[in-house]
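Read through the structure below, which is laid out as structure tokens, and then see the notes.
The values are calculated or read from the model by the stated rules, or taken from the named source; none is laboratory data. Keep in mind that what you see is a predicted model, and the values were worked out from it rather than measured. Virtual Cβ from ideal backbone geometry, glycine too; neighbours counted across all protein chains shown. Please note that ligands, DNA and RNA were not included when accessible areas were found on the heavy atoms of the full protein model with its side chains. Shrake-Rupley method; radii C 1.70, N 1.55, O 1.52, S 1.80 Å.
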Amino acid sequence: MIQTVQSGNQLSARDRRANDMEIVPLGAMLGAEIRGLDLTDKIDQGQSEALNAALMAQKVLVFRDQDITSDQHLAFGRMFGEVTIHPFVPHLPEMPEMLVLDNHQDNPVLSTDMWHSDETFREEPPMGSILRCREMPPVGGDTMWADMTAALGGLSDKMQGFLSGLEAIHDFKPFRRRFAGLPVKERHEKLAEFEERYPNPVHPVVTTHPVTGDKVLFINEQFTLAIKDMREDESRTLLDFLFTLPRIPEYQFRLSWEKNTIAFWDNRPTQHYAANDYFPQRRTMHRITIKGVRPN
Ligand code: OGA
Ligand code: MN
């Protein structure tokens, strides 16, 4: 059924080498492993530029066996832009920039088992996220990414044309559950405070990647509420269809983590989903998030 437009992820032997590192494509559409780079060493400007170029081309970069400190993780993130703090997800007590996903028996997964790009409830969603595995269950706990440029390109020209003029309303909806246990008055006050700080942004349904110029289907099941100026039933039906697209295997790359694997993804042309198949085992991940610009 699915005819992919092109397999965008092949490199010539020459292009595989950049600044002493090797870029090894992993998925047909997206994903590459970076070899020959030790992130416990200081990364220089040339290396960060080569990584940035690889990120634009491959969309998800994987680094294995990187036993770095949290400070090194943060410093690595800062080479690619301003680092942001998540308003709802817990972080290391001594480092608010380090988001912590620590799931186990007493802390089941909240929302990463839904296709999404990160924090599109912001006016300026992140440019990228750098996720490091601290602890993995013996089996399971993979993450999948989908190429939302390929997903858009797989639609008919008629559908792409129709989508290109639309806008969507986003919301921090899964995080509303965080306030559920509070007494009513406090819950309303807290929600009102966050609604004021993060008013529903309107983002185009089809965005243009600010670096590559690629068109991207930019709606996601976690944060997109509705298509603006449509009837509710129209909006629901259209979104329900669009939410099926990242689930198509041809657009995906799947990563099996090990302790100290790092994945750095371009948050703008991709969505991701963390398989929630290891409960009640423990899985712990640390994330640094890099600020982006308003999508258009
Ligand atoms: C994230 C996220 C996926 C995972 O950190 O943004 O969605 O595999 N995590 O834990
Ligand atoms: Mn995420």
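See the values below:
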{"item": "Of residues in the stretch 186-222 being of a type outside the set (A, V, I, L, M, F, W, C), open to solvent by less than 10 Å² (accessible area, probe 1.4 Å) and over 17 Å from residue 266 (Cβ atoms), the one nearest to ligand 1 (Cβ to nearest atom)", "result": "222"}
{"item": "Flag if residue 199 is more than 16 Å from ligand 2 (Cβ to nearest atom), on the phi < 0 side of the Ramachandran plot and under 17 Å from the mean Cα position of the chain (by Cα)", "result": "no"}
{"item": "Filtered residues of the stretch 138-152 (kept if within 12 Å of ligand 1 (Cβ to nearest atom) and buried (at least 16 other Cβ atoms within 10 Å of the Cβ))", "result": "141, 143, 144, 145"}
{"item": "Hits in the stretch 68-84 - residues which are open to solvent by 60 Å² or more (accessible area, probe 1.4 Å) and under 20 Å from the mean Cα position of the chain (by Cα)", "result": "78, 79, 82"}
{"item": "Qualifying position, being within 14 Å of ligand 1 (Cβ to nearest atom), open to solvent by 50 Å² or more (accessible area, probe 1.4 Å) and of a type outside the set (D, E, K, R), among 252, 281, 271", "result": "281"}
{"item": "Candidate set from the stretch 97-124 (those that are within 11 Å of ligand 2 (Cβ to nearest atom), at pLDDT 95 or above and more than 16 Å from residue 286 (Cβ to Cβ)); member that is surrounded by the most Cβ atoms within 10 Å (Cβ to Cβ)", "result": "117"}
{"item": "Scan of the stretch 137-174 for residues that are closer than 23 Å to residue 231 by Cα and of a type in the set (Val, Ile, Thr), ordered by number", "result": "169"}
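So that you can scan it fast, the table gives a plain yes or no per residue for (1) open to solvent by less than 60 Å² (accessible area, probe 1.4 Å); (2) of a type in the set (D, E, K, R); (3) closer than 30 Å to residue 179 by Cβ; (4) without any contact (Cβ under 8 Å) to a residue 12 or more places away in the chain:
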{"site": "54", "(1), (2), (3), (4)": "yes, no, no, no"}
{"site": "59", "(1), (2), (3), (4)": "yes, yes, no, no"}
{"site": "66", "(1), (2), (3), (4)": "yes, no, no, no"}
{"site": "86", "(1), (2), (3), (4)": "yes, no, yes, no"}
{"site": "95", "(1), (2), (3), (4)": "yes, no, yes, no"}
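Residue by residue, here is whether (1) touching a residue at least 40 places away in the same chain (Cβ under 8 Å); (2) not hydroxyl-bearing (Ser, Thr, Tyr) holds:
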site	(1), (2)
189	no, yes
195	no, yes
204	yes, yes
214	yes, yes
224	yes, no
231	no, yes
